[in-house]
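Data block below; observations after.
Every read-out reported here was derived from the displayed coordinates using simple, explicitly stated rules and does not represent laboratory data. What you see is a predicted model; the values in this text were computed from it and never measured. Note that we place each Cβ from the backbone using ideal geometry, even for glycine, and neighbour counts take in every protein chain shown.
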Amino acid sequence: MTGPRLVLRADASHRLGSGHVLRLAALAEAAIDGGGAATLVVGDDPAASLVALDERGLPAVAADGVSGSPAEGAATIALARSLAADAVVVDGPAFSPAYVAAVADAGLRVVAVDDLGLAPPPAEVVVNHNLGAEELAARYPAAATRLLGRRYHLLRREFRALPAGGATPRGRVERLLITMGGSDPAGATARVLGALPPGALAVTVVLGPGFCADRALAVGLATAERAGHQVELAYRPPDLAARMAGCDLAISAAGGTLAELAYLGRPTIAIAIAPDQLVNARRHAAAGLAAGGWPLAAVDDRELTATIAALIGDPLARRALAAAATAATDGRGAARVVAHLAA
């Protein structure tokens, strides 16, 4: 069976982050690995994402027009036709029911990647790869195919190349990883750095392609160093998956990174840095797959410090988090989605 030919449409910016583009990159990789083809179309503020996709060897172009507009939709349809695409995959808030209907009316199969099911476009196929998404099936009445839950998580190639579960967490925390998504518009990175308990940790701070350094980051960095930690700022590290796999404890935004850390078996504190992450954060905490689960705006720095300190001092709790998280993610979700699209 030959893989599908896909055109994948998403936006990226400092405000929106790069998560929509990155998960479509995972789907594109799986399609290509299956013998198909894929071209990504990136709108809003695409420059950094286009560079990152080129580094991954994925064909990508900037969107032609304002995201979600009729003109941009027509340009995406024309591109899909020129590439003989089997489907157009859309991911993000710009793609309205009218946009999706126009693509479908052009004779193209439409796949929507969604998170919450609050205003889902009427696509033939819906993918919601979040934890517990199976409960949202009724929110997608227009979809003939609903691929819901962590079984369909879109994990990128560099993570799939690493062993599921990773190494057993060490008894002592030496390496801490902080990752707050592609841009961190909420300033969570600085907050976490400033809340680290005293110690002597090797702290890696991942800065995504849309991250804008500011005075708050400098203050947080200085506070962490005064607390005794050695901090490395890693801007768009090419070895991100390996860095994540090597940490003893992670503090992460509550987007798709939680599933990546789960696949790698890393005990994690989850913080919702945007409203659309709150459900995911709470589900992870309730299921014992992550600690925390709070919205950034509501968490007190003292509570954050206490939670970090408690996990650093409790190897059994860290191992329990890692084991539960690993059991929820097998890394084969993108291949499952591609198999459905190729059928």
**Item:** Per-pair calculated FRET efficiency, R0 = 22 Å: GLU135 and ALA327 via Cβ, rounded to 0.05
**Value:** 0.70
**Asked** Given 0.36 nm per residue, what is the gain on full extension from ALA47 to ASP300 after removing their alpha carbon distance, in nm?
**Response** 87.5 nm
**Prompt:** With the contact rule set at Cα under 8 Å and sequence spacing of 6 or more, what percent relative contact order holds for region 161-327?
**Reply:** 27
**Message:** Ratio of alpha-carbon Rg to the 2.2 N^0.38 Å globular estimate for region 161-327, to two decimals, please.
**Reply:** 0.92
**Asked** Under a 5 Å amide H to amide H cut-off, with H placed in plane at 1.01 Å, what residues pair with LEU40 once short-range neighbours are removed?
**Response** LEU8, ALA60, VAL61
**Message:** How would region 1-125 be classified by its alpha-carbon gyration tensor: rounded, prolate or oblate, with rounded meaning a/c under 1.5 and the a/b versus b/c comparison settling the rest?
**Reply:** rounded
**Request:** Please report, in cubic angstrom per residue, the volume enclosed by the convex hull of the alpha-carbon atoms of region 108-162.
**Result:** 85
**Asked** Could you give me the ³J(HN,Hα) list for region 41-57, computed from phi with Karplus coefficients 6.51, -1.76, 1.60 and θ = phi - 60°, whole Hz, x at Gly and Pro?
**Response** 10, 10, x, 6, 10, x, 3, 5, 5, 5, 4, 5, 5, 4, 4, 7, x
**Asked** Quick one: Karplus J couplings for region 160-169, per residue in order, coefficients 6.51, -1.76, 1.60, θ = phi - 60°, nearest Hz, x for Gly and Pro?
**Response** 5, 6, 9, x, 4, x, x, 6, 4, x
**Prompt:** Summing -39500 (n - 2.57) over the DSSP H runs of n ≥ 4 in the chain and dividing by its residue number, what mean residue ellipticity at 222 nm do you reach, to the nearest 500 deg cm²/dmol?
**Reply:** -11000 deg cm²/dmol
**Prompt:** From the Cα gyration tensor of the chain, with a ≥ b ≥ c the square roots of its eigenvalues, which class applies: rounded if a/c is under 1.5, or else prolate if a/b is larger than b/c, or else oblate?
**Reply:** prolate
**Request:** Would you please give the FRET efficiency between ARG81 and ALA234, computed as 1/(1 + (r/R0)^6) with r the Cβ-Cβ distance and R0 = 45 Å, to the nearest 0.05?
**Result:** 0.65
**Asked** Name the residues of region 242-261 whose amide N is less than 16 Å from a point 7 angstrom out from the Cα of GLU55 along the C-beta direction?
**Response** 242-244
**Complete:** Gyration tensor on Cα atoms of region 86-234, a ≥ b ≥ c root eigenvalues, a/c under 1.5 rounded, else prolate if a/b beats b/c, else oblate, says prolate
**Request:** Work through the residues other than GLY182 whose Cβ is under 15 Å from its Cβ and net out their charges, Lys, Arg +1 and Asp, Glu -1.
**Result:** -3
